[in-house]
Amino acid sequence: MHTRSAETRGGKAAPWLGLGATLALALLFTAFFLWQRPSFGKVSYVYQGKQAETGTLPLSVPTKGERLSVLVPLRLGFFRPAVYRVVADDCLEDLFINDARVPREITDFCDYTEGRLLNLSPYLRGGENLLQFTVRDHGGMGGTDIRPAPGDALSLSFFTVLFACVAAALFLLRRQVGSWLLPSATACAASFVTFLYWLSTSYTVRGHDTDAHIEYVRYLMQHLSIPPASEGWQFYQPPLYYAVGAAWGTVTGFFSAPLPGSLQFFAFLLSLLGIGCVLWIGATLFDVRRERGALALFLASATLLPGIVFFAARANNDVLALALSLLCTALLLRWWRHPERSGLWAGIAVVLSLGILTKSTTLPLVAAAWLLLLLSPLRWRKKLGLGIVSLAVILLLTDWLFIQRYIVEGNRGLVGNLGNLHSGLRLRNFPSAFLRFNPLFLFGHPYNNPWDDASGRQFLWEYVFRSAFSGEWSFGPGLRPLVSALHALGLFALSLAPVGILRRPRQELRRSLPLLLLLAMFLAAIAAIRFTAPYGSSQDFRYIAPAAVPLAYFAVRGALALPRRLRQFALALLAALPLGSAAFVLALVFGR
């Protein structure tokens with residue numbers, strides 16, 4: 001008996017010992033990677049005929065001439081990356097490394113968003129290196145950036161070992177994790193793709209008014225008060241993201257971290273929080289034991305959509321608004337199942353208040369929450385009490401901002417810079433702009449262009465659909481087949497969503513009513529935005545990104561509701577959507 005007991009204890013302890021060894025290996029390898037990674041020193045730059053100044057990478061400074069010379073000290077270890085992504089604003093003219101000139105045929109290029117991948121191994125050495133960039137600056141801002149490419153052999157080895165450690169940990173704990181193994185592995189895979197995108201993407205790439213948002217954060221760091229809305233391009237925005245970003249930037253500043261990079265890391269952490277919220281939402285809607293495959297498919301579909309992954313590297317208030325919206329959705333679903341729990345409703349009111357203090361795109365959640373309260377099975381006296389309490393909480397936490405903006409400063413709208421947008425973005429409102437959705441046109445024009453009618457920018461739903469995959473950018477002919485394939489898979493998923501809504505039993509449909517209301521509110525909101533502010537840039541999926549959750553859920557339910565012969569085929573096509581989305585994101589990470 002004693003021997004069996006010892007063997008049993010040993011059998012139970014073995015997975016945890018293996019997990020400890022796996023985590024130790026991951027930590028050791030991470031420490032080694034961080035120790036060996038390149039270290040960039042303080043940058044020295046000078047415009048032709050001007051005085052030399054210093055800064056940090058990524059360097060972005062106001063234009064003072066046509067030529068900008070930048071000196072970048074670089075310290076490398078024994079193991080060092082070979083391939084680097086080089087960005088110059090506006091054009092790279094020349095590059096010397098340790099007094100050796102890199103051939104002009106590979107360094108003479110103009111691409112101030114994504115730059116170019118260069119193999120610099122013949123010119124670099126272990127220890128100290130000095131890089132000298134000559135940049136042609138065409139006005140506005142000038143600068144440069146250089147960072148190791150994620151596709152480099154050293155980076156790839158780190159990512160491979162790290163991913164293998166996570167896979168080994170899940171395998172060792174497969175019995176302890178049980179039904180959660182597949183959903184947990186899916187969450188880890190989504191987090192890993194998001195991590196790679198964050199690591200490889202400059203804060204200037206696929207952002208929106210990034211410098212103006214960073215300016216807001218800097219203002220709060222310097223003045224410890226919110227600025228007047230009229231003094232900056234994005235100063236009209238609610239202040240919560242910028243206040244948290246200022247606190248975060250102050251803390252990371254003690255470790256000499258540049259503010260743009262700190263805000264990007266903050267965005268990545270919020271993306272991980274969002275993945276956790278989607279997992280929580282899925283656990284509320286699916287039976288984890290019987291439907292773990294469906295839960296994993298829902299999680300992958302909602303978190304690997306490129307329009308969602310793009311948030312992980314942005315420095316603006318969209319990232320906090322999305323995280324709060326997903327958290328609020330999870331709480332609403334939880335409360336809907338247990339409406340008698342008043343504490344949950346109070347938590348929803350607090351999260352809604354934080355959303356209002358972050359961005360106006362969270363307002364559809366307020367409307368959906370109060371509609372749910374009206375439709376709940378509670379007695380009217382209880383509903384009235386909860387409504388009054390939630391209204392009091394929201395007013396208590398947010399009315400000071402509206403007093404400041406609308407009474408003290410005299411603002412007239414939620415969005416403060418619409419009157420200053422370029423006239424080239426202006427659209428006309430006409431019936432077919434809100435009614436047309438032509439799949440054939442999507443395949444012929446897979447990319448959005450908010451400036452050009454030929455791209456179909458005037459048709460709201462086509463623009464929103466495309467922006468969920470590629471935003472407002474063109475990724476060239478190389479990725480066009482993949483984007484078109486994603487459009488086909490996305491259209492198939494959309495066709496399943498009505499099936500998932502209409503063929504659900506009434507009791508189960510009632511459980512998902514919060515998602516149905518949220519979807520309706522977000523779709524109505526983007527239509528209202530387009531109608532009241534008819535600009536090409538007003539139709540972006542990022543304004544209704546939380547709608548990806550109900551769409552993914554109803555698509556999965558629609559596939560499961562099909563007859564048996566069609567079900568497996570539909571699920572396979574539905575699974576191809578997150579796999580194709582991940583392939584598209586990785587194509588952006590590892591090469592043009």
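The values are calculated or read from the model by the stated rules, or taken from the named source; none is laboratory data. Owing to the predicted nature of the structure, the values given are computational and were not obtained by experimental measurement. Glycine gets a Cβ as well: all are built from the backbone with ideal geometry, and neighbour counts include every protein chain shown. The protein model used for the area step is the full one, side chains on, heavy atoms only, and it has no ligands, DNA or RNA in it. Shrake-Rupley method; radii C 1.70, N 1.55, O 1.52, S 1.80 Å.
Along the axis of the charge dipole computed for the stretch 107-233 (Cβ charges of +1 for Lys and Arg, -1 for Asp and Glu, origin at the Cα centre), the listed residues 181, 153, 113 are led at the positive end by 181. Could you name the lysines whose alpha carbon sits less than 16 Å from that of residue 50, not counting residues in the same chain fewer than 8 places away? Candidates past the 8-residue exclusion: 64. Each of 454, 167, 410 was scored by the projection of its Cα onto the charge dipole of the chain, and the greatest displacement toward the positive side belongs to 167; charges sit on the C-beta of Lys, Arg, Asp and Glu.
A P(r) calculated from all alpha carbon pairs of the stretch 398-472, with 10 Å bins opening at zero, reads 17, 35, 21, 20, 6, 0 percent.
Our helix-only sum for the chain, with -39,500 (n - 2.57) per DSSP H run of n ≥ 4 divided by its residues, gives a mean residue ellipticity at 222 nm of -19000 deg cm²/dmol. With the convex hull of its Cα atoms as the shape, the stretch 358-495 has an orientation-averaged projected area of 12.6 nm². When a/c is below 1.5 the answer is rounded, else prolate if a/b is larger than b/c, else oblate, so apply that to the stretch 110-155 with a ≥ b ≥ c taken from the square roots of the Cα gyration tensor eigenvalues. The shape class here is oblate. Tally Lys/Arg at +1 and Asp/Glu at -1 over every other residue whose Cβ is under 15 Å from the Cβ of residue 128; what's the total? My count for the surroundings of residue 128 gives +3.
Taking the Cα centre as origin and putting +1 on Lys and Arg beta-carbons and -1 on Asp and Glu beta-carbons, what dipole magnitude results for the chain, to the nearest 20 debye?
Computed about the Cα centre, the dipole is about 2760 debye.
Taking the charge dipole of the chain about its Cα centre, with +1 at Lys and Arg Cβ atoms and -1 at Asp and Glu Cβ atoms, the residue from 475, 299, 193 reaching farthest to the positive side is 299.
Need one word for the stretch 438-491: rounded, prolate or oblate. Basis is the Cα gyration tensor (sqrt eigenvalues a ≥ b ≥ c); a/c below 1.5 gives rounded, then a/b vs b/c decides.
Verdict is oblate for the stretch 438-491.
Of the peptides 137-143, 577-583, 376-382, the ranking by mean beta-carbon count within 10 Å, highest at the top, reads 577-583, 137-143, 376-382.
With all protein chains kept in place, the per residue accessible area of the stretch 285-406 amounts to 38 square angstrom at a probe of 1.4 angstrom. Database note for the chain: Cys without another Cys beta carbon under 4.7 angstrom, 165, 188, 277, 328. Given +1 at the Cβ of Lys and Arg, -1 at the Cβ of Asp and Glu and no other charges, the dipole of the stretch 487-552 around its Cα centre is 280 debye to the nearest 20.
Please give the length that would be gained between residue 104 and residue 434 if that part of the chain were fully extended, namely 0.36 nm times their separation in residues minus their C-alpha to C-alpha distance (nm, one decimal).
Full-extension gain reported as 113.8 nm.
Derived value for the stretch 72-170: Kirkwood hydrodynamic radius 14.7 Å. Basis is the mean of 1/r over every pair of different alpha-carbon atoms.
Reducing the stretch 71-93 and the stretch 108-138 to their Cα centroids gives an inter-centroid distance of 5 Å. Calculated translational diffusion coefficient of the stretch 485-592 (20 °C, 1.002 mPa s; Stokes-Einstein with Kirkwood radius over alpha-carbon pairs) equals 139 µm²/s.
When the alpha carbon gyration tensor of the stretch 254-296 is reduced to an equivalent ellipsoid, the three semi-axes, largest first, read 35, 7, 7 Å. Charging the Cβ of each Asp and Glu at -1 and of each Lys and Arg at +1, and nothing else, the dipole of the stretch 43-104 about its Cα centre rounds to 200 debye. Sites counted here are GluC sites (Glu not before Pro) in a DSSP loop (not H, G, I, E or B) having no more than 15 other Cβ atoms within 10 Å; the longest part of the chain that contains none of them is 67-339.
The overall shape of the stretch 280-338, judged from the alpha-carbon gyration tensor, is oblate: a/c is not under 1.5, and a/b is no greater than b/c. Taking the centroid of alpha carbons for each part, the stretch 278-309 and the stretch 317-367 are 19 Å apart. Below 12 Å, Cα to Cα, which aspartates and glutamates can residue 359 reach? Residues fewer than 8 away in the same chain don't count. Partners found: 318. Summarising the overall dimensions of the stretch 125-245 from its C-alpha atoms, the Rg and Dmax are 21.4, 61 angstrom. Within the chain, helices built from complete DSSP H runs that reach 24 Å or longer along their own axis (Cα positions) and carry a mean Kyte-Doolittle hydropathy of 1.6 or higher are 153-172, 259-285, 513-532.
Rg of the Cα atoms in the stretch 233-340, relative to 2.2 N^0.38 Å, amounts to 1.26. Evaluate the Kirkwood expression for the hydrodynamic radius of the stretch 446-533, namely the inverse of the mean inverse distance over all pairs of different C-alpha atoms, and round to one decimal in Å. Result for the stretch 446-533, one decimal place: 15.0 Å.
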